[in-house]
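Asker: Encoded as structure tokens, here's the structure I'll be asking about.
The values are calculated or read from the model by the stated rules, or taken from the named source; none is laboratory data. Bear in mind the structure is a predicted one, so any value in this text is a computation, not a measurement. Methodologically, a virtual Cβ is constructed for each residue, glycine included, from the backbone with ideal geometry; neighbour enumeration extends over all protein chains shown. Heavy atoms of the whole protein, side chains included, go into the accessibility calculation; ligands, DNA and RNA do not. Shrake-Rupley method; radii C 1.70, N 1.55, O 1.52, S 1.80 Å.
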Amino acid sequence: MTLIARSATAFALICTLAAAAPALAQTTTGSIIPRPQSVTAIPGAFRITAGTAILTPRGDAEAARAAAHFAELMQRTRGLTLTVREGEAAPGAVVFRHDAGSTADAYRLDVTPQGAVITAGDFGGLLYGAVSLWQLATAEPGQGPVAIPAIAIQDAPRFGWRGVMLDSARHYQSPEFIKEFIDWMALHKLNVFHWHLTDDQAWRLEIRRYPRLTEVGGWRVHAGAAAQKDIDPATGRPRLYGGVYTQDHVRDIVAYAAARNIVVVPEIDVPGHASAAVAAYPELGVTDVPGGSVPVVPADWGVYPTLFNVEEPTLVFLENVMDEVVDLFPGEYVHIGGDEAVKDQWKASARVQERMRELGLTDEEKLQSWFVARLEKRLNDHGRRMIGWDEILEGGINPNASVMSWRGVEGAIEAARLGHDTVMSPAPVLYLDNRQSADDGAPGRGFTSSLRDVYSFDPTPDELTPEQARRVLGVQANLFTEHMRDDERVEYQAFPRLSALAEMAWTPHERLDFADFRTRLDPQLVRYRTLGIDYATSGLTEVAAVPPADGQRRYDHQMKLCSAALPLSLIDDAPLEGERAALLMDILNPCWIYQSADLRHVVRFEAAVGQVPFNFQIGADRDKIRLGTPRTPEGELEVRIDGCEGEPALIIPLASAAGNDGITTLSGLLPVHSGAHDLCLRFTQKDLDPMWGVDWVRLSDPTKPEDE
């Protein structure tokens with residue numbers, strides 16, 4: 001489905017929501033996300049106008065920052081210019097003040113007809129009290145003065161770690177966008193920005209001692225024929241894509257986040273996901289095995305076998321990297337990755353095996369544990385703590401390490417039982433590169449993680465004892481960006497699911513109520529539009545998508561995949577400019593079912609097809625992919641009736657589509673069959689690369705003129 005078609009659908013729903021906005025219920029909790037801990041309604045209302053003063057105690061810099069943030073939000077969303085000044089509480093004012101007895105990020109908000117008072121023990125609480133007051137002031141859309149129902153709110157978060165991970169390695173986002181994203185996190189009372197800065201496809205962070213990490217590692221050529229044909233006249237070679245974050249960028253972003261009560265946790269991935277680093281400095285790789293060197297930064301997705309070697313100079317190199325990292329990021333934690341480190345190179349390397357014997361290690365898992373522990377010690381020497389994905393449990397980890405569980409919740413459960421702090425971040429539910437609903441035609445992983453799925457996740461499963469549950473620091477959603485090429489796609493995948501994450505991370509699980517949340521989400525969507533936040537509309541209703549009747553177009557996500565081993569909704573890599581299709585397929589079995597086709601008369605069959613590069617590192621699974629034997633050099637689209645075996649009822653050559661960078665419409669006639677039948681669509685081709693996909697299928701009466 002094209003992005004234009006999705007945008008049209010989104011626009012229609014936005015218009016519906018906007019029309020309904022003035023009628024939104026102005027209840028005491030009806031506009032605050034996440035849901036407060038305690039709310040008491042009070043008679044009367046407080047009116048905020050352009051003349052309303054915002055008062056902070058003399059010399060209280062934290063209160064002044066929170067007050068300024070509230071004033072800025074009111075200016076942006078209601079057009080009110082409010083003055084912040086030092087002064088004692090006064091009738092008709094918004095007052096910020098400290099209370100030493102409050103816990104971290106907790107606040108009290110008292111709104112009476114005489115004014116509003118926000119009380120908290122720290123900057124986080126003052127900021128979040130300001131956000132709640134702003135939400136009350138924007139419960140209904142409009143500009144100018146606003147009356148806020150009188151209310152008393154006592155609030156505190158369930159978890160201290162309320163995080164979002166953004167992958168800037170697979171696709172680069174500008175520093176300006178990252179700061180804007182941090183602004184949006186603060187409006188959801190989220191407080192940890194986990195920044196994925198290195199991976200196989202890029203090393204984005206400037207390390208001054210090793211400049212080639214970004215000079216070489218920060219750039220690559222996109223996969224696919226179109227990118228190979230895009231020659232940079234300055235070099236005579238395919239144009240490079242990428243970007244880097246200088247240390248000045250990082251310091252600016254870290255300070256910007258701190259001013260919004262957000263800590264930045266950097267991720268430097270070891271010992272796997274190392275291709276970009278090894279491309280920059282080949283001596284870091286496992287050089288005595290085939291594939292141990294990396295000639296250029298690669299563009300495939302998936303899991304590469306490239307590992308750092310385990311020689312002393314490589315460990316010193318990474319220790320020096322960590323020294324610069326901790327100088328840039330003052331937070332408590334540094335993330336060292338540790339995931340998907342396929343050990344094939346280590347197993348095949350005579351030198352690595354000799355090194356294991358020198359160290360007295362019996363297997364490669366213990367070698368990874370030793371490798372990680374070496375870097376953890378360096379971090380501990382700087383007063384920092386290490387956190388890594390749940391694979392760091394394999395081979396044993398040091399007592400001070402924390403674990404981020406992504407392969408379900410089992411890693412977190414094991415970590416808590418072993419006495420380690422842990423953060424819940426499981427796939428697929430908290431992986432926001434998954435689609436938001438079954439009728440979502442956007443690019444991303446083919447699984448679905450709906451608004452309700454995110455909201456309903458409990459970070460403390462029943463398997464944990466109360467003592468073990470206290471080891472759960474919190475919860476985090478992840479935005480891996482293989483299929484998010486630009487900032488708009490990141491926004492689309494993040495919102496409104498970050499509202500669900502925010503409430504699930506803040507509010508006790510037993511007090512969550514999805515129906516109530518969904519009501520409060522409507523004014524939140526109005527705020528999104530006012531602030532210019534792009535968001536998905538596909539998951540805002542829970543009505544199952546109904547395929548259109550025959551004679552109309554049926555998109556790929558409205559058909560059935562023959563299997564779901566590795567479903568992906570892949571954006572076409574061509575054309576380089578303009579609209580691109582997103583093609584949903586199981587890349588291990590590219591096959592589609594058009595259900596219940598009416599074949600009682602001869603039917604014109606049309607299919608819009610396109611190509612995507614096969615740029616997936618899937619190991620031996622590549623050899624299992626089934627390809628039909630082509631009859632012509634370019635291959636064919638085959639259509640079978642009631643099953644995917646046997647002779648096809650229709651064969652359409654791909655010659656006209658093979659040279660097209662975009663989408664091509666193919667057509668043919670299907671024979672008469674009684675009643676309704678399922679159609680199976682498969683392609684034949686000589687090679688996997690590029691891979692063919694289906695954008696849409698349409699059945700129509702061949703006696704009538706074709707129409708769009």
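Asker: Out of the residues in the range 456-476 meeting the condition of being touching a helix residue (DSSP H, G or I) at 6+ places or on another chain (Cβ under 8 Å) and part of a loop (DSSP other than H, G, I, E, B), tell me which one is nearest to PHE193 (Cα to Cα). Explain how you work it out, then say what you get.
Answerer: Step one: of the range 456-476, the residues touching a helix residue (DSSP H, G or I) at 6+ places or on another chain (Cβ under 8 Å) are 456-461, 463-464, 468-469, 471-472, 474-475.
From what is left, the residues that are part of a loop (DSSP other than H, G, I, E, B) are 457-461, 463-464, 471.
Details: PHE457: 20, ASP458: 21, PRO459: 18, THR460: 21, PRO461: 24, GLU463: 28, LEU464: 26, ARG471: 20 Å.
The qualifying residue nearest to PHE193 (Cα to Cα) is PRO459.
Asker: Residues in the range 392-429 that are closer than 23 Å to TRP195 by Cβ and touching a Lys or Arg at 6+ places or on another chain (Cβ under 9 Å): how many?
Answerer: The total comes to 11.
Asker: Against the conditions (1) out of contact with any Phe, Trp or Tyr (no Cβ under 6 Å at 6 or more places or on another chain); (2) open to solvent by 30 Å² or more (accessible area, probe 1.4 Å), where does LEU584 fall short? Just the number, please.
Answerer: (2)
Asker: Same structure again: Which one of GLY285, GLY292, GLY243, GLY302 is crowded, with 18+ Cβ neighbours inside 10 Å and either at pLDDT 95 or above or within 28 Å of the chain's Cα centre (by Cα) (or both)?
Answerer: Matching residue, one of GLY285, GLY292, GLY243, GLY302: GLY285.
Asker: Residue check: is THR27 open to solvent by 50 Å² or more (accessible area, probe 1.4 Å), assigned to a loop (DSSP other than H, G, I, E, B), of a type in the set (Val, Ile, Thr) and modelled with pLDDT under 95? Walk me through it before giving the result.
Answerer: Numbers: open to solvent by 50 Å² or more (accessible area, probe 1.4 Å): yes; assigned to a loop (DSSP other than H, G, I, E, B): yes; of a type in the set (Val, Ile, Thr): yes; modelled with pLDDT under 95: yes.
Taking the combined requirement at face value, the residue satisfies it.
Asker: Working only within the range 436-455, note down all residues that are in contact with a Phe, Trp or Tyr (Cβ under 7 Å, 6 or more places away or on another chain), outside any loop (DSSP other than H, G, I, E, B) and open to solvent by less than 60 Å² (accessible area, probe 1.4 Å).
Answerer: TYR455
Asker: What number of residues in the range 362-381 are surrounded by fewer than 18 Cβ atoms within 10 Å (Cβ to Cβ) and in contact with a Phe, Trp or Tyr (Cβ under 7 Å, 6 or more places away or on another chain)?
Answerer: Within the range 362-381, residues that are surrounded by fewer than 18 Cβ atoms within 10 Å (Cβ to Cβ) and in contact with a Phe, Trp or Tyr (Cβ under 7 Å, 6 or more places away or on another chain) number 0.
Asker: Check ASP339, ASP327 and return the single one that is open to solvent by less than 30 Å² (accessible area, probe 1.4 Å) and among the acidic types (Asp, Glu).
Answerer: Every option except ASP339 fails the conditions.
Asker: Give me the strands (runs of 3 or more DSSP E) completely within the range 119-236, filtered to those with at least 3 residues that are open to solvent by 10 Å² or more (accessible area, probe 1.4 Å), ordered by residue number. Outline the logic, then answer.
Answerer: On the way: elements: 146-155, 161-167, 192-196.
Counting at least 3 such residues, we get 146-155.
Asker: Counting residues that are open to solvent by 70 Å² or more (accessible area, probe 1.4 Å), which strands (runs of 3 or more DSSP E) fully inside the range 33-111 reach at least 3?
Answerer: Correct list: 38-48, 83-86.
Asker: Residues in the range 517-528: is at least one open to solvent by 10 Å² or more (accessible area, probe 1.4 Å), touching a Phe, Trp or Tyr at 6+ places or on another chain (Cβ under 7 Å), in contact (Cβ under 8 Å) with a residue 40 or more places away in the chain and over 20 Å from ASN191 (Cα atoms)? Walk me through it before giving the result.
Answerer: So the first thing to find is which residues in the range 517-528 are open to solvent by 10 Å² or more (accessible area, probe 1.4 Å), and the list is 518-519, 522, 526.
Adding the requirement that they be touching a Phe, Trp or Tyr at 6+ places or on another chain (Cβ under 7 Å) leaves none.
Among the residues of the range 517-528, not one is open to solvent by 10 Å² or more (accessible area, probe 1.4 Å), touching a Phe, Trp or Tyr at 6+ places or on another chain (Cβ under 7 Å), in contact (Cβ under 8 Å) with a residue 40 or more places away in the chain and over 20 Å from ASN191 (Cα atoms), which makes the answer no.
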